[in-house]
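One structure below.
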Amino acid sequence: MKFGILKERKNPPDKRVVFSPEKLQEFKSKFPSVTIKIESSDIRVFTNEAYKNAGFEVVDDLSDCDVLLGVKEVPVEALLPNKKYFFFSHTIKKQPYNRKLLQAILAKNIELYDHETIVKENGARLIGFGRYAGIVGAYNGFRAIGLKQKTFDLPKAENLPNQQSLISELQKITLPNIKILLTGSGKVAFGAKEMLDAMNIKQVSVAEYLHQNFDKPVFCFVDVLDYNQRKDGQVLDNYDFYALPEAYESDFFRFVKVTDFFIAGHFYGNGAPSFFTTEDAKKSDFKIRFIADISCDINGPIASTIRASTIENPIYGYDPITEKEVDFGDENAIVVMAVDNLPCELPKDASEGFGEMFLENVIPAFFNGDKEGVLSRAKITENGKLTKRFSYLKDYVDGRE
């Protein structure tokens with residue numbers, strides 16, 4: 001079996017890659033019969049020379065490979081017919097901007113496996129860049145605080161080589177005694193928590209956070225049942241919330257009244273209550289001044305996230321009175337960091353971590369008859385058609401949705 005590592009072609013350029021040279025060597029040692037080729041790239045975080053030195057052939061043409069591994073969407077014109085492709089296609093939620101991509105994949109008889117669809121039997125994601133989104137998102141949020149208050153000036157994350165460098169910079173700053181709220185329970189949230197812990201910021205309970213004052217920075221780590229409650233007053237479990245989000249209403253405003261910096265590391269599902277609305281943000285007891293919205297749902301549950309920001313310009317201001325974007329330095333602005341491709345700022349660490357997960361959870365399926373069903377669950381297209389699991393995309397493909 002021949003595997004090819006794709007050159008990333010999407011703009012803005014993405015330096016990430018599925019496998020580092022070292023992790024590919026491990027791949028090859030575990031499965032010696034495999035052939036691996038690298039498509040030449042001048043933007044990848046690991047150079048062509050690094051792959052050559054690791055013993056791999058760097059080529060301009062991957063047409064003799066069976067399985068092609070990339071990160072971002074492959075442009076339609078670059079798709080090779082009759083291949084197996086792995087990349088983030090951004091089609092499974094019926095994203096209109098990628099309809100033509102999925103149509104082309106079907107027309108070219110490509111087997112598509114989306115990194116987001118690589119899941120356990122219970123639906124839990126097996127691979128992803130979430131941890132690195134959390135790491136960079138938390139860092140960027142603290143950077144925004146320094147820029148707004150003119151108290152410290154952290155370098156941009158993209159100009160630092162790894163997570164440890166980000167931590168070293170954060171450990172140099174002095175924060176006022178702010179209260180920080182972190183939402184979520186997955187890799188994104190725990191990536192952000194790594195940074196708070198590395199800064200030795202004290203974690204406190206919900207009760208302490210809501211009712212006590214502190215003489216140093218603290219954070220509270222909360223999950224869905226901390227900030228949502230059933231309308232009928234029952235107290236059940238997270239699974240009930242995920243199954244019946246419409247049965248719940250937001251109880252988030254009790255945190256809003258005491259929070260200075262909100263790090264949004266949650267996953268937001270359709271039908272779930274909003275965190276806060278435009279009307280909530282106008283209230284006199286709305287205290288949040290800084291938001292690192294790592295989840296980045298535009299015009300969604302966090303009213304101040306009115307657009308995604310960019311790595312080049314990661315922060316903007318939101319005026320709660322006018323409900324419009326303003327300069328983040330504006331006196332009344334809520335400072336918003338809502339970069340939607342945060343792991344791109346830490347490409348080396350992100351690529352190394354991703355490759356580790358991919359080698360552990362995906363590659364063995366090619367050699368053991370897919371005994372865990374990883375590939376069969378992840379496969380979106382086959383023989384020019386949608387697989388049964390993804391048949392819900394048919395109207396989207398046909399242009400009826």
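The values are calculated or read from the model by the stated rules, or taken from the named source; none is laboratory data. Computed from a prediction, not measured in an experiment: that's the story for all the values here. Cβ: placed from backbone, ideal geometry, glycine included. Neighbour counts: every protein chain shown.
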Item to check | Members of the stretch 349-391 found to be assigned to a helix (DSSP H, G or I) and surrounded by fewer than 12 Cβ atoms within 10 Å (Cβ to Cβ), listed by number | outcome: 360, 388, 391
Checklist outcome for this item: Pairs returned, first residue in the stretch 198-219 that is closer than 13 Å to residue 255 by Cβ and modelled with pLDDT of 95 or more, second residue that is buried (at least 17 other Cβ atoms within 10 Å of the Cβ) and among the acidic types (Asp, Glu), beta-carbon separation under 7 angstrom, 6 or more apart or interchain, are 206/226
Checklist entry - Is it fair to say residue 106 is closer than 30 Å to residue 330 by Cβ, hydrophobic (A, V, I, L, M, F, W, C) and either touching a strand residue (DSSP E or B) at 6+ places or on another chain (Cβ under 6 Å) or in contact (Cβ under 8 Å) with a residue 60 or more places away in the chain (or both)? => result no
Checklist entry - Among the residues of the stretch 28-70, which ones are closer than 26 Å to residue 90 by Cβ and within 26 Å of the chain's Cα centre (by Cα)? => result 38, 39, 41, 42, 43, 44, 45, 46, 67, 68, 69, 70
Checklist entry - residue 247 passes all but one of (1) touching a residue at least 40 places away in the same chain (Cβ under 8 Å); (2) within 27 Å of residue 225 (Cβ to Cβ); (3) small (Gly, Ala, Ser); which number fails? => result (1)
Checklist entry - Does at least one position in the stretch 362-383 carry a residue that is of a type in the set (Val, Ile, Thr), more than 30 Å from residue 25 (Cβ to Cβ), in contact (Cβ under 8 Å) with a residue 24 or more places away in the chain and not assigned by TED's automatic domain parsing to the domain that holds residue 91? => result no
Item to check | From the options 247, 264, residue that is of a type in the set (Gly, Ala, Ser), modelled with pLDDT of 95 or more, more than 30 Å from residue 141 (Cα to Cα) and in the same structural domain as residue 289 (by TED's automatic domain parsing) | outcome: 247
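Hey, could you check the stretch 240-271 for residues that are of a type in the set (Gly, Ala, Ser) and in a helix (DSSP H, G or I) and say which is farthest from residue 178 (Cα to Cα)?
Per the stated criteria, the residue is 243.
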